[in-house]
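As structure tokens, the structure follows; a few thoughts come after it.
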Amino acid sequence: MAIISIPSSSTMFPMAQQEWRQNREVVVTEEIGRARLLTLNRPNHLNYLSREVILTLGQNFEKYEKDDNADFVIIKGAGRTFSAGGDLHAFYEGQNTRDSCLDGVYRMYWLCYHIHTYKKPHIALVHGMSVGGGASLMVPMKFSVVTEKAFSSTPETNIGFHPDCGFSYMLPRLPGRLGEYLGLTGEKLRGKEVVAAGLATHFVPSQKLFQLEKRLLSIKSGDEDTIRSVINEFSSNIHIDERSILNKLSIINECFSKDSVEEIIESFEAESGRKGNDWIMPVLKCLKKASPTALKITLRSIREGRTQTISECLRKEFRISMNIQRTIISGDFYEGIRAQIIDKDKSPKWNPSTLDKVHDDQLDLIFKPFEDHDLELQIPIKEEEYSGTLQLLTMCMMTYLIFKSFEDHDLELQIPIKEEEENRWRGEYENSSYCHANQVNIQKASRSKSYRGSVLM
């Protein structure tokens, strides 16, 4: 990860610079009046989302939603960035251990669901990078404020992955085919473009961000109109530069509405030869350098997401992510991390190497629901069936897993289908069968090591 410097305390954050350096908490939590403030606090690591960060965010979002003394939540990043997304080093280092990052992935998707369906106003103050999973802490917020230094993208195809954390739900709901374009190319949107595209709600110049935060923290209630009125006082009108990609939507809609990645590229190449379309060539170059497998997974996921709920999208993304990490059809994810983050040679060796070698039957293995013998997400359709059914199923799954290795049975993400369901926070990782199964395997591994040790002795 790149190292960034921490701005002086006079720039935008009320806590003094030396306090940030001394505070070792990955997320700093503050209760100020009726507001609850969460600050991602790993500025020297681009505020990436580690297991610990995700766990802390989930615990506090749940706590604040249930707290009658908390009316709204603000989230921001320490330093000059909001969040660079997931901890790719952790994925890479755990590639030879099956499901080494499962708990972090589970917790993140579970958190994403609850952010999308949160019962109180939440506000993201975004300055600097908001990328991948980091952007999932910005886009679904009731209010998301960006500055001229903010930029956002979903660059996952460049590392052999797919836009996840709810982006297969959010991207297809952008204007026209902008979602397909951003998801496939990883193109950045900056400042006012983020608002104009619908990925944030307000643009506030960076010199006003500190004062806006102070005003928000002084609000005495969580009334949305009051919050909106305060933000509007500091926000500026949106005027998009004529060179912005958002002014190229007619071409994007034409090209990125094609049925396949191959047809999209062919159409895009045809447009690049026309006068005034010189902007296409660098984008096309990036598109062709991305993982062929990831491109096809991404297009299919976004297209399916057009008609799926957020719950359905997250469950689908969870399957895709776990199958990608298990290298079901390709090891591109780890190769992409190696090329971009570890060795930094920027020359990934994709396998399969071309789009024509990635077949639909391979993609089906990534997308299909887990087999009948696997334990799919057990959530009732009807709200009133939820509590008793989940308790029964949890007991059954726990009993079953005592006799079956976790490596042999996949369990789905436990999130409710309907956002109005009671006890909606119950599906947290600690209460999931994943956790119980993993504990069984840890105990087995421990016993195995002890046995080998006694033999060697």
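I want to confirm something. Restricting to region 111-136 and keeping residues that are part of a strand (DSSP E or B) and of a type outside the set (Ser, Thr, Tyr), which single residue is most open to solvent (accessible area, probe 1.4 Å)? Even if it seems obvious, please write down each step before you answer.
Taking region 111-136 as the starting set, the residues that turn out to be part of a strand (DSSP E or B) are 122-126, 129-131.
Add one more test, that the residue is of a type outside the set (Ser, Thr, Tyr), and what stays is 122-126, 129, 131.
Values: 122: 10, 123: 0, 124: 0, 125: 7, 126: 1, 129: 45, 131: 19 Å².
By that ranking, first place goes to 129.
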Checklist outcome for this item: Of (1) over 19 Å from residue 245 (Cβ atoms); (2) of a type in the set (D, E, K, R); (3) not in a helix (DSSP H, G or I), residue 214 fails just (3)
Next on the checklist: Where the second residue is at pLDDT 95 or above and open to solvent by less than 100 Å² (accessible area, probe 1.4 Å) and the first is more than 20 Å from residue 147 (Cβ to Cβ) and lies in region 233-251, which pairs have Cβ atoms under 6 Å and are six or more apart or on separate chains?
Outcome noted: 249/176; 251/271
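Could you please let me know if residue 2 is within 27 Å of residue 107 (Cα to Cα), modelled with pLDDT under 95 and small (Gly, Ala, Ser)?
Working: within 27 Å of residue 107 (Cα to Cα): yes; modelled with pLDDT under 95: yes; small (Gly, Ala, Ser): yes.
Considered against the rule, which asks whether it is within 27 Å of residue 107 (Cα to Cα), modelled with pLDDT under 95 and small (Gly, Ala, Ser), residue 2 comes out as yes.
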Checklist outcome for this item: Inside region 232-269, the number of residues satisfying the requirement of being open to solvent by less than 40 Å² (accessible area, probe 1.4 Å) and either charged (D, E, K, R) or not in a loop (DSSP other than H, G, I, E, B) (or both) is 11
Next on the checklist: Residues that are open to solvent by 10 Å² or more (accessible area, probe 1.4 Å), under 17 Å from the mean Cα position of the chain (by Cα) and either modelled with pLDDT under 95 or closer than 19 Å to residue 265 by Cβ (or both): does region 156-165 have at least one?
Outcome noted: yes
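Please verify whether residue 195 is part of a helix (DSSP H, G or I) and more than 30 Å from residue 34 (Cβ to Cβ), treating the condition exactly as stated. Break it down into steps so the answer makes sense when it comes.
On the way: part of a helix (DSSP H, G or I): yes; more than 30 Å from residue 34 (Cβ to Cβ): no.
Here the answer is no, as residue 195 does not meet what is asked.
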Checklist entry - What do you reckon, is residue 11 at pLDDT 95 or above and either assigned to a helix (DSSP H, G or I) or of a type in the set (S, T, N, Q) (or both)? => result no
Checklist entry - Picking from 344, 349, 357, which residue would you name as being closer than 15 Å to residue 157 by Cα, basic (Lys, Arg) and either modelled with pLDDT of 95 or more or in contact with a Ser or Thr (Cβ under 7 Å, 6 or more places away or on another chain) (or both)? => result 349
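When residues of region 313-349 are filtered for being in a helix (DSSP H, G or I), over 21 Å from residue 415 (Cβ atoms) and open to solvent by 10 Å² or more (accessible area, probe 1.4 Å), how many remain? It would help to see each step written out before you state the result.
So in region 313-349, the residues in a helix (DSSP H, G or I) come out as 313-325, 332-342.
So of that shortlist, the ones also over 21 Å from residue 415 (Cβ atoms) come out as 332-342.
Among the residues that remain, those that are also open to solvent by 10 Å² or more (accessible area, probe 1.4 Å) are: 334-335, 338, 340-342.
Residues flagged as in a helix (DSSP H, G or I), over 21 Å from residue 415 (Cβ atoms) and open to solvent by 10 Å² or more (accessible area, probe 1.4 Å) within region 313-349 amount to 6.
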Checklist entry - Of all residues in region 66-99, how many are assigned to a loop (DSSP other than H, G, I, E, B), open to solvent by 10 Å² or more (accessible area, probe 1.4 Å) and in contact (Cβ under 8 Å) with a residue 24 or more places away in the chain? => result 9
Item to check | Any hit, region 64-78, residues being under 13 Å from the mean Cα position of the chain (by Cα) and over 21 Å from residue 24 (Cβ atoms) | outcome: no
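Could you run through region 221-231 and say how many residues are open to solvent by 30 Å² or more (accessible area, probe 1.4 Å) and at pLDDT 95 or above? Don't jump to the end; show me each part of the working.
Initial filter on region 221-231 (open to solvent by 30 Å² or more (accessible area, probe 1.4 Å)): 221, 223-226, 228-229.
Right, trim to at pLDDT 95 or above and you get 223-226, 228-229.
Total satisfying the criteria: 6.
Is it the case that residue 152 is in a strand (DSSP E or B), under 26 Å from residue 284 (Cα atoms) and in contact (Cβ under 8 Å) with a residue 24 or more places away in the chain?
Yes, satisfied.
The values are calculated or read from the model by the stated rules, or taken from the named source; none is laboratory data. Since the model is a prediction, treat every value here as computed from it, not as a measurement. So basically every Cβ, Gly included, is an ideal-geometry build from the backbone, and we count neighbours across all protein chains shown. For accessibility, only protein heavy atoms count, side chains too; no ligands or nucleic acids. Shrake-Rupley method; radii C 1.70, N 1.55, O 1.52, S 1.80 Å.
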